[in-house]
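Below is one structure, written out as C-alpha cells; the observations come after it.
The values are calculated or read from the model by the stated rules, or taken from the named source; none is laboratory data. Small disclaimer: the values here were computed from a predicted structure and weren't measured. Cβ placement follows ideal geometry from the backbone for every residue including glycine, while neighbour counts extend to all protein chains displayed.
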Amino acid sequence: MDDDEEEDDDAIMADELFRRIVNHSNRMARHSYLRSYAKEVVPHDLDDEEIEAYAEECAKRAALADFEDLSQEELFSLSDVEELIHTSNDHGALDGDVDMH
C-alpha cells in the first residue's frame, strides 16, 4: 500500500499543472521578498496597473513642481477675484436689474 501512495506522489510531482503552480508560488514569493525589503523593484516585476499608478503619481508631482517656488500668499491670494469684482462694479449693476424704458 505504501508503494501505491509513493507512486501517486510521484505522479503528482510530475504533473505539469503542479509544476506551474510551484513556479508561480516561487515567483510570487520572490516578488513579495523584493518588495518587503524595499529593494528597488524593476519594471518587469510590476503589474501594468502598478506602472500606470506610478506614472500618474510622477505626472502629478511634475505638475506640482511648477508651483514650488510660489509663496502661499501668491498661490492663495484673492487678487484675481477682487479685480473681477471691481471691474464688474465699474460696469454697472449685475444683479439682474434691467432698465425697461
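Things to note:
- Check on ASN89, modelled with pLDDT of 75 or more, among the polar types (S, T, N, Q) and surrounded by 10 or more Cβ atoms within 10 Å (Cβ to Cβ): no
- In the range 1-54, the qualifying residues are those that are of a type in the set (Ser, Thr, Tyr) and surrounded by 10 or more Cβ atoms within 10 Å (Cβ to Cβ), and the one that is modelled with the highest pLDDT is SER25.
- Among the residues examined, SER77 does not qualify as modelled with pLDDT under 80 and assigned to a helix (DSSP H, G or I).
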